[in-house]
1. What is the distance, in nm, between label points placed 7 Å from the Cα along the Cα-to-Cβ direction at Ala51 and at Cys77?
2. For Glu153, list long-range residues whose amide hydrogen, built 1.01 Å from N in the peptide plane, is under 5 Å from its own amide hydrogen.
3. Lys53: which aspartates and glutamates have alpha carbons under 16 Å from its alpha carbon, excluding same-chain residues fewer than 8 sequence positions away?
4. Find the accessible area per residue for the stretch 250-342; the probe is 1.4 Å, ligands and nucleic acids are left out, and the unit is Å².
5. Across all directions of projection, what mean area in square nanometres is found for the Cα convex hull of the stretch 152-202?
6. Taking 41 Å as R0, compute the FRET efficiency from the Cβ-Cβ separation of Ser114 and Glu224 and round it to 0.05.
7. In sequence order, what are the phi-derived ³J(HN,Hα) couplings for the stretch 77-85 according to the Karplus relation 6.51 cos²θ - 1.76 cosθ + 1.60 with θ = phi - 60°, rounded to whole Hz, with x for glycine and proline?
8. What 222 nm value per residue comes from the helices of the chain, counting each DSSP H run with n ≥ 4 as -39,500 (n - 2.57) and dividing by all residues, nearest 500 deg cm²/dmol?
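The values are calculated or read from the model by the stated rules, or taken from the named source; none is laboratory data. As the structure is a computational prediction, the values presented were derived from the model and not from experiment. Ideal geometry is used to build each Cβ from the backbone, glycine not excepted, and the neighbour counts take in all protein chains shown. Calculation scope for accessible area: heavy atoms of the full protein, side chains included, ligands and nucleic acids excluded. Shrake-Rupley method; radii C 1.70, N 1.55, O 1.52, S 1.80 Å.
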Amino acid sequence: MKSLANHQNSFSFRTTLCSLTLIISYMSMSVNFLAAINDDNKSSDRLALIAFKKEITEDPLGTVSSWDDKNNSLHLCEWRGVTCSRRHPSRVTMIDLRSQSLKGSISPHIGNLSFLQVLFLQNNNLNGEIPKQIGLLIRLKQLGLTNNSLEGEIPHNTSHCSKLISFSFSGNHLVGSIPSGLGYLPNLKMMWLSYNNLSGEIPTSLGNLSSTLTHLALFNNNLEGRIPNSLSRLTNLKLLVLEMNRLTGTVPSSLYNISSLEVFSVMNNQLHGSIPFDIGSTLPNLIYFSVSGNNFTGNIPSSLSNMSRLVMLQFQINNLVGSIPYNFGNLKSLEFLGLGEN
């Protein structure tokens, strides 16, 4: 019996020792595996930046010349315009190349920067299309491509960037319609799409951004159709600029109830209808109001005199009748009043 017990103890010890050896070996393999993944990610970010640089054909300010693909004289986090994560060193979180006179296109490899949160490329001379790989940047919060020469359509999978807070594609040559998926970005506060060649109707889905959107700028495009009633759900909206399009119909009366509005312009469209008599009470925070260049009829509401912050007021080129309200003298902040051609 004693011999059997010794044998069992010896077997148990060997089993335990074997198990410990396996666990240690597994842990070592796991650490090495994770380290390899991390190295691959670092390499991926570096290669993505180098691929971006290769698509830049002119760099007169030498901005991306430090993005060296031949030696490691500078760590990628020291490259000009590049910011890395503090928690994850060597992972790129921001590229800021604003106003650097860059020419070329945006490399599709930008989609490999999986930690990217901010991409600022505005005020350059970039051309070509916005790569659809933008939709892979699920951590992206701010996207600025204003004032370039970008062409093609807005990538529909931009709606996959669910953390987007603001984006601006203004001042390009973009065509096509506004993707309805943009109305499902749960954190979006600012949408700037002005000065392009966008067509089609304003998506009703934009009304889904009711708790977040504060700025909606769609002016100077070729948008048509009616202004959707759903926009009245944007109760935090401060800026709504739809001017210089081909919009028809009437302004939804509920839009005049968004009390947070400071800038409201639908000038130079094909809209008709009258201006609500109580607008001065429902839009008390207005600074800029313009309906000029349409087919509005009726009188100029005297309640406008309640808008103490009003700086610019434009009614010209419509079919308004009646007299100028005597109490407009109460508008102490007013700098411009347009009433001609009525």
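1. About 2.3 nm separates the two model spin labels.
2. Hits under the 5 Å cutoff: Val175.
3. Cross-link targets: Asp45, Asp68, Asp69, Glu78, Asp96.
4. In whole numbers, the stretch 250-342 has 45 Å² accessible per residue.
5. Orientation-averaged projected area of the Cα hull: 3.2 nm².
6. 0.60
7. 6, 9, 5, 4, x, 10, 10, 10, 6
8. -6000 deg cm²/dmol
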